[in-house]
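Notes follow the structure.
The values are calculated or read from the model by the stated rules, or taken from the named source; none is laboratory data. Fair warning: this is a prediction, and the values are worked out from it, not measured in the lab. Virtual Cβ from ideal backbone geometry, glycine too; neighbours counted across all protein chains shown.
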């Protein structure tokens, strides 16, 4: 198969290098502001920060981060959300590298408030910067520059949809359709040139090998075996990317995963980026580290305050535990700070607005989401993750698994304290079945699109929403 793909040599010079320079400028600007625009830096630390070596380490940290993560701002297949997520991850890694090196080399005593402000400012400015660069690149490409030229072979319905994407919503990504090869020219979408019959694609690619970067083919290889093989061979010999567009009418329109059973290509309906050893190691390591850190630092004080408030408000235990459905459908005990008076329907009835079971201090716990913090115990034990689909009561799992066909798919990932559905407004009471369906769809989307950047984005979005305190369903 093709191992070398033609790439635009100017990408690094005109897109990646300016992005890196901007990130270095942001890091230096934020540090300068903290040093000279605030009085947060201790006098002893100020001399260390002003050292030339400190600024050198900052620049090195930015370059190392770019080398480790790469700069993806100009990649055509990435969404703005993905680009923003990577910016947050890039800012976080630079932050860790720089402050870690400063603590090791200069024995710098780190200041919590200073570090927090540094992280927030650099993260925010990184996102603004990369989205600005992305927008400028999109504007540049819409004007016809930096094109990624493709040809289409076949005019089946699936190819027509691909054509509409490439000539419509994907124009800011720089795709330019040179034309379509088909023996049914009446099926060609408006505005797309007919370049001839499918057989004409072979000499066209030979002649325009320096122009064509990718070929999309929707012809059925089972009936057009000889021609498709020749087309693939021609593309590979000229280092042109070949993409097969299969007919998937009738199947769910979602991100799928192609693998092999022996020599047979098979397609699974769900891509599970979390279901790899490396992904599991990364996610579990982060869960253990952050949950353990929280449990031995802030949690004891929070527990003491909550215990006093709960005991003064309602007789009964401080913790409330409930059987919930977890990873791969296994049940586990989920912990919370008790926010309701004890009742017989606690395991079957959702909390509703103005619920009489919620006592006054419990109302505060629920609105602030502090009642969920004991779930860090579940995270440390391995029942849950910090980020993932919210665990539901076993009773609700029994009900909704019968009403929603793909409901159980959400259990292909460990349940989380917060998740993609929650930061997108799907939390609290589900009065209508459509509300639960919407939550399930977002949970499945998270499972199919998981990445470290996405988890970081969900985490910071959750913090932001808690600080804003504007969730109308927090009751």
* Considering each residue of region 427-470, count those that are in contact with a helix residue (DSSP H, G or I) (Cβ under 8 Å, 6 or more places away or on another chain), under 30 Å from residue 278 (Cα atoms), in contact (Cβ under 8 Å) with a residue 60 or more places away in the chain and in a helix (DSSP H, G or I), and give that number. => 10
* **Number of positions in region 141-158 that are farther than 26 Å from residue 457 by Cβ and touching a helix residue (DSSP H, G or I) at 6+ places or on another chain (Cβ under 9 Å)** => 12
* Output the number of residues of region 329-372 satisfying the condition of being at pLDDT 80 or above, on the phi > 0 side of the Ramachandran plot and assigned to a loop (DSSP other than H, G, I, E, B). => 1
* Sort out which residues of region 172-195 are within 30 Å of residue 132 (Cα to Cα), outside any strand (DSSP E or B) and without any contact (Cβ under 8 Å) to a residue 40 or more places away in the chain, and write them in order of number. => 172
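Return the only residue of 108, 69 being within 15 Å of the chain's Cα centre (by Cα) and modelled with pLDDT under 90.
Working: 108 fails: within 15 Å of the chain's Cα centre (by Cα).
Exactly one residue qualifies, and that residue is 69.
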* Does residue 285 satisfy the condition of being under 30 Å from the mean Cα position of the chain (by Cα), free of Cβ contacts under 8 Å to residues at least 60 places away in the same chain and in a helix (DSSP H, G or I)? -> yes
* Could you list all residues from region 395-426 that are assigned to a loop (DSSP other than H, G, I, E, B) and touching a strand residue (DSSP E or B) at 6+ places or on another chain (Cβ under 9 Å)? => 413, 414, 415, 419
* Asked: Just checking, how many residues over region 259-276 are free of Cβ contacts under 8 Å to residues at least 24 places away in the same chain and either assigned to a loop (DSSP other than H, G, I, E, B) or assigned by TED's automatic domain parsing to the domain that holds residue 446 (or both)?
  -> 4
* Among the residues of region 209-233, write down those that are in a helix (DSSP H, G or I) and under 18 Å from residue 182 (Cα atoms). => 225, 226, 227, 228, 229, 230, 231, 232
